[in-house]
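Each remark here refers to the structure printed beneath this line.
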Amino acid sequence: MISNALLKFAAAHDWHAAEDEKYVFGKFNGYCFTAMTQDALSSYFLPLAGISPEDLLSLSKFIEEGHFSLKLVDYEMTDNFLALRAKDTLFNSTAKQIAHFLTQLTQKLEEFDLEPNNCVICGQPAETEILYVGLYAYAHPDCLDKKGIDYTAALKAEADDIEELLILKRDGDEEDLVAYDPDAEDELFPDSEKLAALAAEMSEYTQRLIKDLTDLCAVPSVKGTEEEGAPFGRATVEALAVFLGQAEALGFRTKNIDNMAGYAEYGPEDADKMVACVCHLDVVPPGDGWTGDPWQLRHEDGKLIARGVSDDKGPALSALYAVKALMDDPDFNPDKRIRVIVGLDEESGSACMDHYVKHEEIPQMGFTSDADFPAIYAEKGIARLRFTQGRSENDQITWAKAGSAVNMVPSSCQLELRDSSSEQFNGVTAHGSRPDLGVNAINVTVDSLLDSGYEDSFLNFYSKYFSESDGSALGLAFEDESGSTTVNAGLLKIDDKQAELVVDLRYPVSFDLDAALDNLKDSLAKEGVDLSIQDHMEPLYLPKDSPLITSLMDVYNEGTGTEGHAVAIGGGTYARSIPNICAYGPAFPGDDDVAHQADEWISVEKLMAATCIYRNAFRKLATEE
C-alpha cells in the first residue's frame, strides 16, 4: 500500500504507479526515483552509478549528519543504488516534506556532478529508461547481460568493518541526527519477538476464538430497516444473540439491552465498581473487490479474512477471551466487575450507546477495542459547519458540485459557467482530519477561476476564508497538547439560489468553540453569509497521568518492549460514546488500515497479542490499588 502523502507527491510530479500499485516511480530534478511504503515506513531508491569513492563517502556523511524534512530511519548504499527509509505516519510525512527532502538530496548529487542519466550498470550516460530489478533507472540495452561496475563497493568495504549498520534517529532535545544501535528499543513500533511472546501466552484460546469469530462473521450484521424488536435491523439482533451465546458458553453472565446493545460480565456480583471494554457488532456493507465470500471467514497465511474481523467483531471476541483467561486463572480475584459491552449501531451514529448510557451502569473506567495502540488520551472536537450564501445575477458560476463526504478531501469539482462551458478540476483525496495530506479540488477550482479573471461572490468568499486548512482566516486557529485546528471544506453545492459549503472542523480539546463561532457568525453576517452547526461531537480528554491512561500505557509498554506515550488524535472513536472510556488497540503502530476495505483481514498473531494485552489491562484495572 502506498501512503497518502506519497500518492499525493507522486500525482503532483507526474510519477507513475506500478500495475500492482505497490510502488511509484518517476523523476525529480532529473534523477530517477522509486518509492514504496510498508509498515509506516517509506523507502526511496536512487541510482548512484558513476559516483566517485570520495563523493560516495561524502554522501554518506551528508545523510548521517544532515537535517532533513523527513525523519530518516536508516539507509544503505549497495549495487549502485542508494536506499533510504523514512517514517511515513500522519505526523512525520507530507507531500511537501517529501519534495523538500528530495530537493536537498538531488542538490547534493548535483554538487558531485553526478549525471542523472548514467547507466545503472556501467555508469556512463545512457538514453534508455528501464525498471532494473524493479527500480527506475537508465541503462544501455547491451549492458543488461554484463556484470557491470559496482560504484557503491567502496562504502560496502568500509561497512564490512563495522559490526552494526547505523540507523538514524532524531535526538529528543536538539532534534539532531544521532546514530544508535538497531537493537535498541524503538519508540514507535512494538518488538516483533515481544508480540509473538504475547500471542503465545494466549495460544490455548486461539482456535476457539477463531471458531467463534467464524460463526460471528457469518452473520451479515449490516444495519437494516427498523422493525419491531430490531431497532437496527434483524441481522444485528442475530449477531448479538450469537455473541451473547458464545459468552454464556464461556461462563459469563449476559444481558440483552432491548436488542440495541448487550454485555457479558464476570467478577463478584456484589462489587460496586465495574470496568469495561466497549465494542460493536455491526459492520459496513462488504462492497466490491472481495476475492471470496465476505461472510465466510478464511484463514490464509496467518491472516483471518472476512467482513468484521478487524472492525469490530474480532476485537470484541479478543476482549471477551481476555476476560476468559482471567476467569480461568485461579490466582486472580478481581475487586471489580469486568464487562464487555457490545453495541449494534457504531457504524451509523452510535445510537446503541446512547441507549446504554440512559439505561445501564456507567463503567468506572475502561477502553474501546475499536482503534489503535497505544492509549489515546485525547480526541479533538469535531464540528460540521454549514455555510450558505445567496447568489446574484452577476455571479459567473451557475452550478457546481464537489465532494462525496464531509470528512474527506474532495478529489474532484464539477461546475458550469454562465457562458455555458463546463469544467472539472481534480485534486487528491485524504481524510478530513488531515487535509494537508490531500489536494482539495475546491481550492484548485477557486484558484484557477480567479487566476482566469472570473468574478463570483463564492470565489471571493472561499478564497478569503479557506485558502489555508488551519482555520486562521476563520478565527478558529488554535493549538494545545492535543494538536492544532484543521478545517476541511468537504462538500460544495451551487445552484441559481445559493452556494452551500459544508466543512469538517477538528479543534483542540481546550479551544472555546462557542465563543469563536459567535464571533465568526457576526463577521459573516455582514458579508451575507449564514453559518450553522450541522453536527457536533465534544472533545474527549483524559489526563495523561490519570489512573486509566497510566495503567494502560504501563501494560502496553511492558508487553511490547516500547517506551511510548499516550497520544492525541484528530479523529473520533467509539470512546466518545460512553463516559470514562479511551481508545486502546487492537491495531498496532504501522499496521495497515484495512477496516471497511475489501478482503478485510487481521493477523492471528497480532489479534492474540492484543488479547494478551487486554487480559493484562483488565487484571490491572479490576484490582484495587
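A few comments on the model shown:
- Residue among Asp370, Asp354 that alone is open to solvent by less than 40 Å² (accessible area, probe 1.4 Å), of a type in the set (D, E, K, R) and closer than 20 Å to Thr236 by Cα: Asp370
- Any chance Ser448 is free of Cβ contacts under 8 Å to residues at least 60 places away in the same chain and more than 29 Å from Leu7 (Cβ to Cβ): no
Here's the yes/no breakdown for (1) surrounded by fewer than 14 Cβ atoms within 10 Å (Cβ to Cβ); (2) in contact with a Phe, Trp or Tyr (Cβ under 9 Å, 6 or more places away or on another chain); (3) of a type outside the set (S, T, N, Q):
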{"position": "Ile210", "(1), (2), (3)": "no, no, yes"}
{"position": "Ala235", "(1), (2), (3)": "no, no, yes"}
{"position": "Arg253", "(1), (2), (3)": "no, yes, yes"}
{"position": "Pro268", "(1), (2), (3)": "yes, no, yes"}
{"position": "Asp288", "(1), (2), (3)": "yes, no, yes"}
{"position": "Gln296", "(1), (2), (3)": "yes, no, no"}
{"position": "Asp311", "(1), (2), (3)": "no, no, yes"}
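- Any hit, region 469-486, residues being in contact with a Pro (Cβ under 8 Å, 6 or more places away or on another chain) and closer than 30 Å to Arg418 by Cα: yes
- Among the residues of this structure, Leu240 counts as one that is out of contact with any Lys or Arg (no Cβ under 9 Å at 6 or more places or on another chain), closer than 23 Å to His359 by Cβ and of a type outside the set (Asp, Glu).
- Exactly one residue among Glu158, Glu174 is touching a helix residue (DSSP H, G or I) at 6+ places or on another chain (Cβ under 8 Å), at pLDDT below 85, acidic (Asp, Glu) and surrounded by fewer than 15 Cβ atoms within 10 Å (Cβ to Cβ), and that residue is Glu158.
- Subset of region 409-445 that is of a type in the set (D, E, K, R) and modelled with pLDDT of 85 or more - its residue that is farthest from Asp504 (Cα to Cα): Asp419
- Counting residues in region 228-237 that are of a type in the set (Asp, Glu) and touching a residue at least 24 places away in the same chain (Cβ under 8 Å) gives zero.
- Boolean, Lys521 is in contact with a Leu (Cβ under 7 Å, 6 or more places away or on another chain) and basic (Lys, Arg): yes
- Qualifying strands (runs of 3 or more DSSP E) (wholly inside region 400-505; at least 2 residues being open to solvent by 40 Å² or more (accessible area, probe 1.4 Å) and touching a Ser or Thr at 6+ places or on another chain (Cβ under 7 Å)): 422-426
- Exactly one residue among Phe68, Phe9, Phe45 is within 30 Å of the chain's Cα centre (by Cα), at pLDDT 90 or above, under 15 Å from Ile98 (Cβ atoms) and not polar (S, T, N, Q), and that residue is Phe45.
- Top-ranked residue of region 373-399 - restricted to ones that are more than 32 Å from the chain's Cα centre (by Cα) and not in a strand (DSSP E or B), ranked as surrounded by the most Cβ atoms within 10 Å (Cβ to Cβ): Asp395
- From the list Leu505, Leu517, Leu459, the lone residue that is more than 22 Å from Gly390 (Cβ to Cβ) and among the aliphatic types (A, V, I, L, M) is Leu505.
- The requirement of being more than 15 Å from Cys32 (Cα to Cα) and among the β-branched types (Val, Ile, Thr) is fulfilled nowhere in region 116-135; no residue meets it.
- Breaking point among (1) small (Gly, Ala, Ser); (2) part of a helix (DSSP H, G or I); (3) at pLDDT below 85, for Ala196: (3)
- Pair list, Cβ < 8 Å and 6+ apart or interchain, from region 571-598 residues that are over 13 Å from Asp311 (Cβ atoms) and β-branched (Val, Ile, Thr) to residues that are open to solvent by 20 Å² or more (accessible area, probe 1.4 Å) and assigned to a loop (DSSP other than H, G, I, E, B): Ile578/Ile362
- Residues being out of contact with any strand residue (DSSP E or B) (no Cβ under 6 Å at 6 or more places or on another chain) and assigned to a helix (DSSP H, G or I) - total across region 324-347: 4
- The residues of region 284-323 that are in a loop (DSSP other than H, G, I, E, B), farther than 24 Å from Phe252 by Cβ, charged (D, E, K, R) and in contact (Cβ under 8 Å) with a residue 40 or more places away in the chain, listed by number, are Asp288, Arg307.
- Subset of region 483-500 [within 19 Å of Ser404 (Cβ to Cβ) and small (Gly, Ala, Ser)]: Ala489, Gly490, Ala499
- Residue identified as more than 30 Å from Asp288 (Cβ to Cβ), without any contact (Cβ under 8 Å) to a residue 60 or more places away in the chain, touching a strand residue (DSSP E or B) at 6+ places or on another chain (Cβ under 6 Å) and not in a strand (DSSP E or B) among Ser510, Ser523: Ser510
- Only one of the numbered conditions (1) at pLDDT 95 or above; (2) open to solvent by 50 Å² or more (accessible area, probe 1.4 Å) is not met by His536, and that is (1).
- For region 532-564, a residue qualifies if it is out of contact with any strand residue (DSSP E or B) (no Cβ under 6 Å at 6 or more places or on another chain), within 14 Å of Asn580 (Cβ to Cβ) and outside any helix (DSSP H, G or I), and the qualifying residues are Pro543, Ser546.
- Verdict on Ser472 being more than 25 Å from Ala10 (Cβ to Cβ), among the small types (Gly, Ala, Ser) and touching an Asp or Glu at 6+ places or on another chain (Cβ under 6 Å): no
- Members of region 1-24 that are open to solvent by less than 30 Å² (accessible area, probe 1.4 Å) and out of contact with any Gly (no Cβ under 7 Å at 6 or more places or on another chain): Ile2, Ser3, Ala5, Leu6, Phe9, Ala18, Val24
For every residue, the table says whether it meets (1) in contact (Cβ under 8 Å) with a residue 12 or more places away in the chain; (2) open to solvent by less than 20 Å² (accessible area, probe 1.4 Å); (3) not small (Gly, Ala, Ser).
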position: Leu46; (1), (2), (3): yes, yes, yes
position: Ala49; (1), (2), (3): yes, yes, no
position: Leu57; (1), (2), (3): yes, no, yes
position: Glu64; (1), (2), (3): yes, no, yes
position: Phe68; (1), (2), (3): yes, no, yes
position: Asp74; (1), (2), (3): yes, no, yes
position: Leu82; (1), (2), (3): yes, yes, yes
position: Arg85; (1), (2), (3): yes, no, yes
position: His100; (1), (2), (3): yes, no, yes
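- Leading residue by the ranking (farthest from the chain's Cα centre (by Cα)) among those in region 506-533 that are loosely packed, with under 12 Cβ neighbours inside 10 Å and closer than 30 Å to Thr368 by Cα: Asp514
- Restricting attention to region 270-283, the residues that are in contact (Cβ under 8 Å) with a residue 12 or more places away in the chain and open to solvent by 50 Å² or more (accessible area, probe 1.4 Å) add up to 1.
The values are calculated or read from the model by the stated rules, or taken from the named source; none is laboratory data. Since this is a predicted model, take the numbers as computed values, not measurements. Cβ coordinates were reconstructed from backbone atoms using ideal geometry, including for glycine residues, and neighbour counts include every protein chain displayed. Calculation scope for accessible area: heavy atoms of the full protein, side chains included, ligands and nucleic acids excluded. Shrake-Rupley method; radii C 1.70, N 1.55, O 1.52, S 1.80 Å.
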